[in-house]
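The values are calculated or read from the model by the stated rules, or taken from the named source; none is laboratory data. In this text the structure is predicted, and so the values were computed from the model without any measurement. FYI the Cβ positions are ideal-geometry reconstructions off the backbone, even for glycines, and counts take in every protein chain you see. Note: accessible area is taken over every heavy atom of the protein model, side chains too, but ligands, DNA and RNA are not part of it. Shrake-Rupley method; radii C 1.70, N 1.55, O 1.52, S 1.80 Å.
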Amino acid sequence: LTGVLDDCLCDIESIDDFNTFKIFPKIQKLQERDYFRYYKVNLKRPCPFWADDGHCSIKDCHVEPCPESKVPVGIKAGSSNKYSKAANNSKELEDCEQANKLGAINSTLSNQSKEAFIDWARYDDSQDHFCELDDERSPDAQYVDLLLNPERYTGYKGPSAWRVWNSIYEENCFKPRSVYRPLNPLAPSRGGDDGESFYTWLEGLCLEKRVFYKLISGLHASINLHLCANYLLEETWGKPRWGPNVKEFTRRFDPIETKGEGPRRLKNLYFLYLIELRALSKVAPYFERSVVDLYTGNGHEDAESKALLLDIFRDTKSFHMHFDEKSMFAGDKKGAKSLKEEFRLHFKNISRIMDCVGCDKCRLWGKLQTQGLGTALKILFSEKEIQSLPENSPSKGFQLTRQEIVALVNAFGRLSTSIKELQNFKVLLQQTR
């Protein structure tokens with residue numbers, strides 16, 4: 001897998017180097033910080049599209065929620081700053097691994113800032129959302145410690161899993177039913193068609209619709225890579241051993257086994273990485289303002305988390321082969337606006353399909369990664385609003401909730417991990433030849 005990617009002026013080798021030496025080590029560290037490790041998610045929302053075919057009963061599908069009493073106080077309190085000093089000094093407040101006692105609230109917050117935070121909590125920018133967001137106030141929404149529930153192979157597969165991906169590709173990728181996606185086991189027999197008619201059709205699409213397909217395909221490839229890299233290799237005496245499964249990787253990505261389809265999917269992973277990298281470089285001004293605080297209640301840790309995040313933003317800006325999103329939706333204003341809205345609604349639909357995933361762990365990571373990509377798209381289409389943000393007060397034009405921030409960072413962290421895992425598989429394949 002080498003050379004320049006389609007629809008942008010970037011080559012795979014540059015991304016590999018940039019990711020390995022600059023981004024990957026830092027994003028790993030950031031994901032371990034309290035602000036980014038706790039994600040609130042509703043895993044009980046019913047599937048809106050078809051009758052639920054039962055949840056996965058495999059034990060590795062299970063997600064262990066985090067008791068609210070163990071979530072850092074600043075995260076639990078949300079944006080509205082409703083905490084008492086007594087609650088902050090309580091000795092019972094420990095995180096899921098009973099690690100750090102949390103410091104008291106930052107008393108230097110002015111009343112004006114407090115009002116600003118309350119404003120943020122009330123602000124509803126649903127018109128900009130590319131995702132169906134979980135209602136965090138729902139009694140079914142629970143905090144999950146992402147470090148204790150890693151994404152890996154669970155054994156969830158077969159018709160139920162394929163139905164989800166089939167619905168995403170067949171109904172939401174701007175695709176006519178007469179054109180089959182290559183190697184889709186649920187599609188009717190195609191005779192001698194090896195999928196080339198699909199790519200002829202794809203090349204004939206406008207850039208925006210082509211990009212949409214590549215983002216979904218890249219996300220699918222990334223998730224498949226995580227499952228191959230974190231596979232249940234054996235279980236003896238109840239002790240599981242997880243690690244890379246070269247055979248599974250070959251089955252999903254080898255050019256011969258996939259009739260040339262595997263490398264195309266991996267190229268789409270790189271394309272998705274570029275899109276989310278671009279979004280991170282564009283959203284930097286939002287976080288560079290002093291009014292934005294990655295608040296958990298532990299002042300020292302919060303300052304370190306923000307410094308690390310800003311350091312990553314500096315790296316993203318230094319990358320010299322960014323995707324140029326200005327080439328999208330650049331036609332006549334009326335047509336461009338209608339296409340952008342169509343793009344947004346198709347993606348929103350995909351985020352709703354994630355509630356149809358039968359395995360809780362797969363659903364958790366599917367929801368997080370689609371929300372992260374939806375947040376990246378929201379950022380790319382809000383450039384003017386981000387550039388005109390006031391320094392010391394919240395803007396009504398562009399906001400990110402904590403959920404969106406956590407999803408954005410963790411989703412990009414997953415892509416960064418995928419590209420790193422791909423390097424590992426290249427080494428393993430050379431050793432097995």
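Inspection of segment 317-324 identifies no residue that is surrounded by 15 or more Cβ atoms within 10 Å (Cβ to Cβ) and closer than 27 Å to residue 151 by Cα. A Cβ distance below 8 Å, combined with a sequence gap of six or more or placement on separate chains, defines the contacts here; from segment 11-22, residues that are within 12 Å of residue 315 (Cα to Cα) and at pLDDT 90 or above reach residues that are charged (D, E, K, R) and open to solvent by 20 Å² or more (accessible area, probe 1.4 Å) in the pairs 19/420.
Would you confirm whether or not segment 331-340 contains a residue that is in contact (Cβ under 8 Å) with a residue 24 or more places away in the chain and under 22 Å from residue 218 (Cβ atoms)? Yes, some residue in segment 331-340 is in contact (Cβ under 8 Å) with a residue 24 or more places away in the chain and under 22 Å from residue 218 (Cβ atoms). Surrounded by fewer than 23 Cβ atoms within 10 Å (Cβ to Cβ) and within 25 Å of residue 375 (Cα to Cα): is that true of residue 251 in this structure? Against the criterion (surrounded by fewer than 23 Cβ atoms within 10 Å (Cβ to Cβ) and within 25 Å of residue 375 (Cα to Cα)), residue 251 does not qualify. Go through segment 303-317 and give me each residue that's under 22 Å from the mean Cα position of the chain (by Cα) and in contact (Cβ under 8 Å) with a residue 60 or more places away in the chain. If the condition is that a residue be under 22 Å from the mean Cα position of the chain (by Cα) and in contact (Cβ under 8 Å) with a residue 60 or more places away in the chain, then 305, 308, 309, 311, 312, 315, 316 are the ones that fit. The number of residues in segment 1-13 that are assigned to a helix (DSSP H, G or I) and more than 16 Å from residue 272 (Cβ to Cβ) comes to 1.
Taken over segment 422-433, residues that are within 16 Å of residue 17 (Cβ to Cβ) and open to solvent by less than 50 Å² (accessible area, probe 1.4 Å) amount to 2.
Condition first: within 26 Å of residue 5 (Cβ to Cβ), open to solvent by less than 10 Å² (accessible area, probe 1.4 Å) and assigned to a loop (DSSP other than H, G, I, E, B). Can you find one or more residues in segment 261-278 that meet it? No, segment 261-278 contains no residue that is within 26 Å of residue 5 (Cβ to Cβ), open to solvent by less than 10 Å² (accessible area, probe 1.4 Å) and assigned to a loop (DSSP other than H, G, I, E, B). Exactly one residue among 283, 291 is outside any helix (DSSP H, G or I) and either in contact (Cβ under 8 Å) with a residue 60 or more places away in the chain or surrounded by 21 or more Cβ atoms within 10 Å (Cβ to Cβ) (or both), and that residue is 291. Considering only segment 294-316, state which residues are outside any helix (DSSP H, G or I) and touching a helix residue (DSSP H, G or I) at 6+ places or on another chain (Cβ under 6 Å). If the condition is that a residue be outside any helix (DSSP H, G or I) and touching a helix residue (DSSP H, G or I) at 6+ places or on another chain (Cβ under 6 Å), then 294, 295, 296, 297 are the ones that fit. Across segment 340-351, the number of residues qualifying as touching a Cys at 6+ places or on another chain (Cβ under 9 Å) and open to solvent by less than 30 Å² (accessible area, probe 1.4 Å) comes to 3.
Hey, could you check segment 217-246 for residues that are open to solvent by 70 Å² or more (accessible area, probe 1.4 Å) and touching a strand residue (DSSP E or B) at 6+ places or on another chain (Cβ under 9 Å) and say which is nearest to residue 376 (Cα to Cα)? Once the filter is applied, the top-ranked residue is 241. On the basis of being open to solvent by 10 Å² or more (accessible area, probe 1.4 Å), within 27 Å of residue 310 (Cα to Cα) and under 21 Å from the mean Cα position of the chain (by Cα), does residue 383 make the cut? When the stated conditions are applied, residue 383 passes them.
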